[in-house]
Amino acid sequence: MENTVLIKNATVLPFTRQANGSLNLEPQIADVLIEGDRIAQVAPAIESAPPSASVIDAANHLLIPGFVNAHAHSMEILEKGNHEASPLELWMLYTYPPLQSQHLDARLCYLRTLIGAMEMVKYGGTTIQDDLLELPYVTPEIFDAVAQAYVDVGMRVSLSLHTINQPLHHTVPYLSDFLPADVKQDLEAAQGLSDDAWVDLFRQVYQKWQGYRGLVTTVLAPSASQRVTPDLMHRIATLSEEYDVPIHTHLLETKTQAITGPELYGESVVAYAKRHGILTHRTAIAHGVWLSTQDIELIAEAGATVIHNVVSNHRLCSGIAPIRELMDAGVNIALGSDGMSSNDSFNLFDVIKAAGLVHSAMDTSYDRYPKAADILKWATYGGARSALLHNEIGAIAPGMKADLVLYDLNTLSFTPRYQLPIHLVYAENGSSIRKVFINGQLVVDQGRVLTVNEADIVAELQDRLPEYAVHRKQILQQAERIRPAVEKMLSTAVSQSLSIHRFSRPLHYVS
């Protein structure tokens with residue numbers, strides 16, 4: 001029997017797009033009827049609901065669409081609380097070890113994904129783009145385990161098949177000069193999937209998971225234009241067009257990456273990505289901190305998205321992204337948590353508040369600072385657009401998917417009650433959430449996830465952590481072999497002069 005829910009007397013922020021591109025954030029008292037997985041009706045009073053409908057009295061409650069976490073890595077969930085701030089290139093040695101040769105057990109991957117998904121849905125996130133970067137490569141078993149975890153929670157996921165087919169010292173400048181010969185040899189010998197095998201795997205996961213239970217979509221993820229070969233980029237571009245699926249990538253996250261393009265290719269890594277086919281209207285770019293004016297123009301012309309990972313950008317010493325310039329160029333902007341070893345949380349309220357604060361410290365043009373309405377657009381429509389789901393999620397309107405979050409307005413976060421968008425961005429932290437619906441299903445009620453047993457999952461994961469500790473010890477040993485060379489590379493890279501600046505003051509690395 002089709003699930004039917006009538007939410008009555010809610011204070012609704014529709015989040016529907018208006019002619020000027022902004023969202024309708026005017027509160028209105030309305031009833032919302034959910035039939036199956038979609039919103040069937042929004043009206044001041046709905047009297048025609050079926051007798052079998054579950055009725056929720058939402059007086060003094062706020063109803064908004066669920067947030068979209070547009071960039072995350074579930075692989076990092078077991079690294080939560082394990083890392084102080086450090087530059088990306090050093091941090092990656094301990095989180096994404098380039099010499100890793102052993103896969104984690106698929107069950108452990110399933111459990112860690114559940115932990116992240118449960119946290120996110122409790123705090124009003126209903127869709128995640130999980131960029132599944134598993135080393136040495138993603139296996140079918142791991143992809144299946146991660147996808148199944150999201151389905152079991154009842155969460156919407158755009159799940160990527162991440163790929164790197166270049167050794168580390170081919171992806172950053174200067175590093176090859178500092179690496180010992182034996183380390184370079186081991187990096188060159190590291191085994192990943194062949195291009196043919198990776199393409200075949202994507203076709204398999206697409207056939208198995210695309211549209212599964214109305215929750216799963218699949219994504220192509222070249223790690224970065226400098227981390228994959230031109231041939232593979234062109235093949236990914238062809239697959240994206242064939243299946244009409246997003247391309248999810250990382251571009252210009254750090255100053256080192258801004259140096260990389262001119263040093264290795266004679267052009268920005270953004271221009272390099274365009275030349276090889278992966279900068280299109282289907283492309284979502286994580287970070288984009290060190291974008292130049294020319295890069296922004298290329299992204300705007302392509303109709304691509306930039307995903308702002310403001311907390312992670314700070315934690316990894318990357319700098320402050322040129323958000324106002326992206327806004328001026330008309331680029332779609334989304335928000336992401338990034339992974340839990342550079343953020344430690346999938347609670348998007350942390351990201352939302354940080355995104356609202358940091359850009360007001362950039363210059364004295366206070367009229368150009370992003371407003372609360374801008375931030376909320378990035379957290380909903382912007383993320384949906386980055387996943388090519390903007391016609392399905394991110395607004396409260398008939399025909400849209402029923403991904404909805406109900407907040408209690410009689411809480412400290414909303415007292416006194418003034419402009420609700422400002423309360424959401426600067427005062428709320430998720431503690432006022434009472435119910436979360438995804439695909440029409442009630443997933444969270446009064447702070448409890450209904451679809452899985454949280455206590456059992458946490459207990460099983462705790463039992464498996466000694467196994468992961470052995471894995472971590474191997475990673476640390478591998479990282480220490482490479483760290484001295486990476487420190488020297490960083491010192492060389494950050495000393496280079498660029499015409500753009502993304503730090504509040506120059507950073508210095510001591511090698």
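Matching residues to (1) at positive phi; (2) aromatic (Phe, Trp, Tyr); (3) assigned to a strand (DSSP E or B); (4) assigned by TED's automatic domain parsing to the domain that holds Asn9:
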position: Asn410; (1), (2), (3), (4): no, no, no, yes
position: Phe437; (1), (2), (3), (4): no, yes, yes, yes
position: Leu465; (1), (2), (3), (4): no, no, no, no
position: Val470; (1), (2), (3), (4): no, no, no, no
position: Ile475; (1), (2), (3), (4): no, no, no, no
position: Ile482; (1), (2), (3), (4): no, no, no, no
position: Val486; (1), (2), (3), (4): no, no, no, no
Handout entry: Options Leu114, Leu161, Leu104, Leu135; residue that is modelled with pLDDT of 95 or more and not in a helix (DSSP H, G or I)
Key = Leu161
Problem - Close pairs from segment 116-145: first in contact (Cβ under 8 Å) with a residue 24 or more places away in the chain, partner part of a strand (DSSP E or B) and among the hydroxyl-bearing types (Ser, Thr, Tyr), Cβ under 6 Å, at least 6 apart - result: Gln129/Ser158; Asp131/Ser160; Leu132/Ser160
Problem - Conditions (1) buried (at least 22 other Cβ atoms within 10 Å of the Cβ); (2) more than 19 Å from Arg213 (Cα to Cα); (3) not polar (S, T, N, Q); number of the one not met by Ala402 - result: (2)
Problem - Criterion: within 15 Å of the chain's Cα centre (by Cα) and touching a residue at least 12 places away in the same chain (Cβ under 8 Å) - qualifying residue of Asp338, Asp408, Asp403, Asp374 - result: Asp338
Completion exercise
In segment 36-52, residues that are crowded, with 19+ Cβ neighbours inside 10 Å and charged (D, E, K, R) total 1
Problem - Flag for Ile259 being assigned to a helix (DSSP H, G or I) and closer than 22 Å to Asp130 by Cα - result: no
Exercise for the section: Output the residues belonging to segment 451-487 that are over 18 Å from Arg112 (Cα atoms) and free of Cβ contacts under 8 Å to residues at least 40 places away in the same chain. Expected result: Lys473, Gln477, Glu480
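Checking the structure you have, find out if any residue of segment 126-147 is of a type in the set (D, E, K, R) and under 15 Å from the mean Cα position of the chain (by Cα).
Yes, segment 126-147 contains a residue that is of a type in the set (D, E, K, R) and under 15 Å from the mean Cα position of the chain (by Cα).
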Practice task
Would you tally the residues in segment 439-464 being over 24 Å from Thr127 (Cβ atoms), of a type outside the set (Lys, Arg) and either in contact with a Leu (Cβ under 8 Å, 6 or more places away or on another chain) or surrounded by 13 or more Cβ atoms within 10 Å (Cβ to Cβ) (or both)?
Solution key: 1
Handout entry: Whichever residue in segment 289-330 is closer than 20 Å to Ser497 by Cβ and aliphatic (A, V, I, L, M) and, among such residues, is surrounded by the fewest Cβ atoms within 10 Å (Cβ to Cβ)
Key = Ile320
Problem - Hits in segment 69-91 (condition: within 18 Å of the chain's Cα centre (by Cα), surrounded by 22 or more Cβ atoms within 10 Å (Cβ to Cβ), charged (D, E, K, R) and over 15 Å from Ile475 (Cβ atoms)) - result: none
Exercise for the section: For segment 104-145, name all the residues that are out of contact with any Leu (no Cβ under 8 Å at 6 or more places or on another chain), surrounded by fewer than 21 Cβ atoms within 10 Å (Cβ to Cβ) and closer than 25 Å to Leu179 by Cβ. Expected result: Pro136
Exercise for the section: Using the structure shown, decide if Ala40 is at pLDDT 95 or above and either on the phi > 0 side of the Ramachandran plot or outside the structural domain of Pro167 (by TED's automatic domain parsing) (or both). Expected result: yes
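The values are calculated or read from the model by the stated rules, or taken from the named source; none is laboratory data. Keep in mind it's a predicted model, so treat the numbers as computed, not measured. Here Cβ is always computed from backbone atoms with ideal geometry, including for glycine, and neighbour counts include all displayed protein chains.
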